[in-house]
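Structure first, then comments.
The values are calculated or read from the model by the stated rules, or taken from the named source; none is laboratory data. In this text the structure is predicted, and so the values were computed from the model without any measurement. Neighbour counts run over all protein chains shown; Cβ positions are idealised from the backbone, glycine included.
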Number of protein chains: 2
Amino acid sequence: MKIAYILFDEITLLDFIGFYDPLKNMKTKGFIENLTWDLCATKKTIKDSFGLEIIIDKIKPDLSNYDMIVVPGGYGTRKLQYDTNFIDWLKTGEKVNYIVSICTGSLLIGAAGFLKNKTATTNFNEYGSLEKYCKKIARTRIVDDHNTITAGAVASSIDLGLYICEKLIGKEKKEEIRIGMDYHPKEFEILTVAKNGCRK
Amino acid sequence: MKIAYILFDEITLLDFIGFYDPLKNMKTKGFIENLTWDLCATKKTIKDSFGLEIIIDKIKPDLSNYDMIVVPGGYGTRKLQYDTNFIDWLKTGEKVNYIVSICTGSLLIGAAGFLKNKTATTNFNEYGSLEKYCKKIARTRIVDDHNTITAGAVASSIDLGLYICEKLIGKEKKEEIRIGMDYHPKEFEILTVAKNGCRK
């Protein structure tokens, strides 16, 4: 199981790290021992809107070599959705098993064509911006449409991470991770268009 | 309002970023316009346990120049609490207005002597490790003892960030931030030994 985290300037870091934390627990707890990931971008480092700078592992790798690509959101997505260089690179991930976005990361996977004929969600302030890229907007926290999985605003990153844990390792082990994180959300809605099977 | 984020190798990044997100919203929403922060460490970059590398703004700055120091947790704290070079640097923050830790960051502020005669909390698996540094362990999610403020395991970082927002800008603006983040936790306990007043 090899994950590509897609990072870029003006990212919202909690979109990324809220998802990254439960996922990396699958490795530390030995639930998926061969779990690996790369931080991927179009350049050597990326910065959030306040200058927090992260060093990248792989510059524009061929994303078809991964099992999952994860695209966080942030103000940077507003311009990046129209950046051909970035979107063409993202398209190399078209056939991976899991395509995942958090918040306005949906605009990027949308621009890459991954939401065509899909139901999807995004930040509750950006439903209108996503409409052009997908078949239908669902105003729910998480949508799973044949392993193309989208989530809402920033705090849903943790819920989405735990949802992916449950898909990969089952509910009991996911619960062990959630309790270890001391994370106790109120109940929320997940729309499952199709939970299992390949992306199509 | 100037914050020092204290970073180190083998940090748990969600401890840091879960707190950082609501705080930076106070700036973007214009609630505290002169809010600034530095990422501080004893060296130029730091890495989490999986190699995720962040570039540092200030190497060992005099922490007495800040209004708040924020110390996340992570496996690195287990060794770092006995590292004289690191702890002596942390002690330069002794007189700041707010000393804040998340999860096992409490072991570091404890080793610096900041929890002497204080009630404090930490990761629920590490209550025993914190005992030697404080007057009393409180098994609650957040403890505020005269502006020395500690929190529980990793997901409490967001709750603590929002708690600090409420202290600084009031409940209504904090709620605007929480709702913008789409964050909906179940109710939890906050122990307030003394909410206002200077650290003592």
- [ ] Please indicate, with yes or no, whether at least one residue in the stretch B:49-72 is touching a Ser or Thr at 6+ places or on another chain (Cβ under 6 Å) and closer than 15 Å to A:Asp182 by Cβ.
- [x] no
- [ ] Quickly run through the stretch B:46-58 and pick out the residues that are more than 7 Å from chain A (Cβ to nearest Cβ) and either part of a strand (DSSP E or B) or of a type in the set (Phe, Trp, Tyr) (or both).
- [x] B:Ile46, B:Lys47, B:Asp48, B:Lys58
Open item on the list: Just checking, does the stretch A:63-80 include any residue being crowded, with 16+ Cβ neighbours inside 10 Å, of a type in the set (Val, Ile, Thr), touching a helix residue (DSSP H, G or I) at 6+ places or on another chain (Cβ under 8 Å) and part of a helix (DSSP H, G or I)?
Closed with: yes
TODO: Within the stretch B:151-189, count every residue that is at pLDDT below 95 and more than 14 Å from chain A (Cβ to nearest Cβ).
DONE: 0
TODO: Looking for whichever is away from chain B (no Cβ under 14 Å), under 22 Å from B:Asp21 (Cα atoms) and not aromatic (Phe, Trp, Tyr) here; the options are A:Val193, A:Val100. Which one fits?
DONE: A:Val100
Task: Residues (out of contact with any Asp or Glu (no Cβ under 8 Å at 6 or more places or on another chain), buried (at least 17 other Cβ atoms within 10 Å of the Cβ) and of a type in the set (Ser, Thr, Tyr)) located in the stretch B:1-31 - done: B:Tyr20
Task: Filtered residues of the stretch B:108-117 (kept if in contact (Cβ under 8 Å) with a residue 24 or more places away in the chain and either buried (at least 24 other Cβ atoms within 10 Å of the Cβ) or not in a helix (DSSP H, G or I) (or both)) - done: B:Leu108, B:Ile109, B:Gly110, B:Ala112, B:Phe114, B:Leu115
Task: Residues satisfying the stated conditions in the stretch A:81-107, i.e. aromatic (Phe, Trp, Tyr) and part of a helix (DSSP H, G or I) - done: A:Phe86, A:Trp89
Open item on the list: Give all pairs with beta carbons closer than 8 Å in which a residue from the stretch B:162-174 that is acidic (Asp, Glu) meets a residue that is crowded, with 22+ Cβ neighbours inside 10 Å; count only pairs at least 6 apart in sequence or on separate chains.
Closed with: B:Glu166/B:Lys174
- [ ] Could you figure out which of (1) away from chain A (no Cβ under 12 Å); (2) surrounded by 21 or more Cβ atoms within 10 Å (Cβ to Cβ); (3) of a type in the set (S, T, N, Q) isn't true of B:Asn34?
- [x] (2)
Open item on the list: Regarding the stretch A:117-128, can at least one residue be identified that is within 14 Å of another protein chain (Cβ to nearest Cβ) and among the aromatic types (Phe, Trp, Tyr)?
Closed with: yes
- [ ] Scan the stretch B:87-98 and give yes if some residue there is free of Cβ contacts under 8 Å to residues at least 60 places away in the same chain and crowded, with 21+ Cβ neighbours inside 10 Å, otherwise no.
- [x] no
- [ ] Look through B:Asn117, B:Asn147, B:Asn123 and report the one residue that is among the polar types (S, T, N, Q) and in contact with a Phe, Trp or Tyr (Cβ under 8 Å, 6 or more places away or on another chain).
- [x] B:Asn147
Task: Residue list for the stretch B:27-45, restricted to those being among the charged types (D, E, K, R), in a loop (DSSP other than H, G, I, E, B) and without any contact (Cβ under 8 Å) to a residue 40 or more places away in the chain - done: B:Glu33, B:Lys43, B:Lys44
- [ ] Can you give me the number of residues within the stretch A:118-156 that are assigned to a helix (DSSP H, G or I) and without any contact (Cβ under 8 Å) to a residue 24 or more places away in the chain?
- [x] 4
